[in-house]
């Protein structure tokens, strides 16, 4: 430990407690790399505050010493957004001890929770109150709600409920100088000036550290139906989406697109998983929910899928007959990222497009990538209902993953240029982090970047909050 760091660390230890200041290499290692093991850093220390007051005092102390702070929740970032750099200067602030549900207000349909609570625990708190918190994604058992909000997470229910920012009524935030902004208001109508919470939602901890949030709750589904549908192509998937939205309305909660390659990869890595509809090119996983107990939702979905098969839009379909069967169908979808991780490194793209433009994107991208990287393998899945594709490229058979990853910049440019021409975004739900900073300046206008920099300078003039991320 550098002698100059001693006063800072002593003060931080006094604030959070000796047991919650970590400096040994073995202790800080879990906080020093990202989930994909792509980024590795070397923080000066890791602190684990237990309250907003402790966090505020710690940030104030770091500001006085001009020491950068890296906020971290469940450390499931896919873009290196919560990973420290390797210069040994930064303090990682782990929010995992700040995990309390402060209040549940069933009459107002809100829940106030601290940022370190896992998404699964937030969902459970809502369930215990007889309500629903609809944000759902594969990492929900380990990701923290503060991280979900700081990256404006998406997940599988965006089609019906919107992204994370759409589920927030109020925030509590520790600012760069250690002051606390208490905006924990459970109001659905509040036009008193600028909506400050929107600055911090999606800002990846670069403008302030979210410590608590008032979240919207919804009626719990009492009828839920899940179906896997086999399709000839993505155009048919879009036609089916339009049909189901027309017949089911806002009861259509999720509509996921899955390629045959994804099913094969998942079953390779998880052999116990079965393939209920083998032999098709594309699949849609649809879920519909209704708060009514006596809903005819199942019959309505069955009729809609029958019509789709008769008209040639769909090839086949299976409807889950139990919660266990529905869970099996969802496991096929939710296990894809882990299957990819086990298979080995690949070039990942988290993109969004107008739904109508997705077939054109897939055709153009395949033509260009096949020419540039003969034998490249496509692992394509995502939230078709809101236009979000996880468009991932695996190395050709026999090509070492390292050599293929060396071509990532070239592949990214091909993909992102097509996305831009079609009016899409190179980052749909994973954020910018360290991974996509250069893409931000390339694909966003000069005035957008300047406005972002002005906001950053106003809220963090010394650049101490999560430096090197986003901008």
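What follows draws every value from the coordinates through simple rules; no lab data is involved. All values derive from a computational prediction rather than experimental measurement. Cβ placement follows ideal geometry from the backbone for every residue including glycine, while neighbour counts extend to all protein chains displayed.
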*Rounded, prolate or oblate: which fits segment 1-106 when a ≥ b ≥ c are the square roots of the eigenvalues of the alpha-carbon gyration tensor, with rounded for a/c under 1.5 and prolate only if a/b beats b/c?*
oblate
*Extension gain from residue 26 to residue 377, taking 0.36 nm per residue of separation minus the Cα-Cα distance*: 122.6 nm
*FRET efficiency, residue 438 to residue 128 (Cβ-Cβ, R0 30 Å, nearest 0.05)*: 0.10
*In nm, to one decimal, how far is the modelled label at residue 102 from the one at residue 242, with both set 7 Å along Cα→Cβ?*
4.6
*First measure r as the distance between the Cβ atoms of residue 199 and residue 445, then evaluate 1/(1 + (r/R0)^6) with R0 = 30 Å and state the FRET efficiency to the nearest 0.05.*
0.95
*Based solely on its DSSP helices, what 222 nm [θ] is calculated for the chain when runs of n ≥ 4 H residues each add -39,500 (n - 2.57) and the sum is averaged over all residues, nearest 500 deg cm²/dmol?*
-10500 deg cm²/dmol
*asked:* Using only Cα atoms and rounding to the nearest 10 degrees, what angle (0 to 90) does helix 408-421 make with the longest principal axis of the chain?
replied: 70
*Given Cα pairs under 8 Å that are at least 6 residues apart, what percent is the relative contact order of segment 3-94?*
35
*Tell me the label-point distance for the pair residue 341, residue 277, using the 7 Å Cα-to-Cβ offset, in nm and rounded to one decimal.*
2.8
*In terms of the Cα gyration tensor, with a ≥ b ≥ c the square roots of its eigenvalues, is segment 223-337 rounded because a/c is under 1.5, prolate because a/b exceeds b/c, or oblate?*
oblate
_Which of rounded, prolate or oblate describes segment 344-435 when judged by the alpha-carbon gyration tensor and an a/c cut-off of 1.5?_
prolate
*Divide, for segment 428-471, the radius of gyration over alpha carbons by 2.2 N^0.38 Å, where N is the residue count.*
1.15
*Would you list 158, 470 from fewest to most Cβ contacts within 10 Å?*
470, 158
*Just rank 330, 181, fewest to most, by other beta-carbon atoms within 10 angstrom.*
181, 330
*Want the number for residue 250 to residue 14: 0.36 nm per residue separation, take away the alpha-carbon distance, what's left?*
79.8 nm
*Relative contact order, percent, of the chain when contacts are C-alpha pairs under 8 Å separated by at least 6 residues?*
15
_Percentage relative contact order, segment 233-347, counting C-alpha pairs under 8 Å, at least six apart_ = 34
*Could you check the simple spin-label distance between residue 296 and residue 192, using points 7 Å along Cα→Cβ, in nm with one decimal?*
4.8
_Packing rank of 442-451, 87-96, where each peptide gets the mean count of other beta carbons within 10 Å, highest leading_ = 87-96, 442-451
*For a label point 7 Å from the Cα of residue 222 along Cα→C-beta, name the residues of segment 288-306 whose backbone N is under 15 Å from it.*
289-298
*Rounded to the nearest 0.05, what FRET efficiency do residue 264 and residue 331 give with R0 = 22 Å and r taken as the Cβ-Cβ distance? Could you check?*
0.90
_So for each of 28-41, 426-439 I average, over its residues, the number of other beta carbons within 10 Å; can you give me the resulting order with the highest mean first?_
426-439, 28-41
